[in-house]
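See structure below.
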């Protein structure tokens, strides 16, 4: 009987320890916050800049937040803007906007709302970012936003970049009708930055492409991962990745000058997880 009591007590201790450890390893997030912290958009006079290839807007989180996750993007376009075709929006980190791409989303330009209405882009899955590092929202999508040099409506620390054939240019004084919606982490949890919660293969960028495109994917665990390219007949064209990868965000470029125009497929294989997406080569 005494042995049975000890055994039960030991099981309870083990259960409490496991439960406590598991709880401590999980982030607890507060309610949604809009950044910049205003719900107002301003349809100020737009600026057309012909030599800019793409913009990137810098976002700086509150320094008191240990970590946070980006859940939505809210944007609006000015009137008299051509919203035909499709475009991309990208979330990235690093010293420059191209250093570490976390998320790429292809959207139809017609879906972007015209001021004063707004369009909300729900991310496929939240992106966890540590507060010690700024992040960017970039891509051709920003051409459709209301852009103004009147920083009376801007937010301190929110700057634009542009990419010429030479370099990114920082601290260009533009204001964008663009907001991010985040949940801040209110627990004391270490090493949350850039740890995805699920496998996901993102849409390549650009798409259509010629001749180079970038493929991004995320992995919640370490393991052997493979990226393969196939033609429309299902024939393997090339293996881009076939190696052990740590958990986190990854990307690889596919370059081919010899393939004809057409539809191709790229596939991620990571253990039992398999996902395939379509891309288009146009010459």
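A short reminder: the numbers here are calculations on the coordinates, not readings from a lab. Values in this document were obtained by computation on a predicted structure and should not be read as measured data.
Values computed for the structure shown
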{"quantity": "Percent of beta bridges antiparallel (DSSP, region 200-281, rounded to nearest 5)", "calculated": "95 percent"}
{"quantity": "Computed Rg/Rh of region 200-281, alpha carbon atoms with Kirkwood Rh", "calculated": "0.95"}
{"quantity": "Region 206-283, relative contact order [Cα under 8 Å, separation at least 6], %", "calculated": "38 percent"}
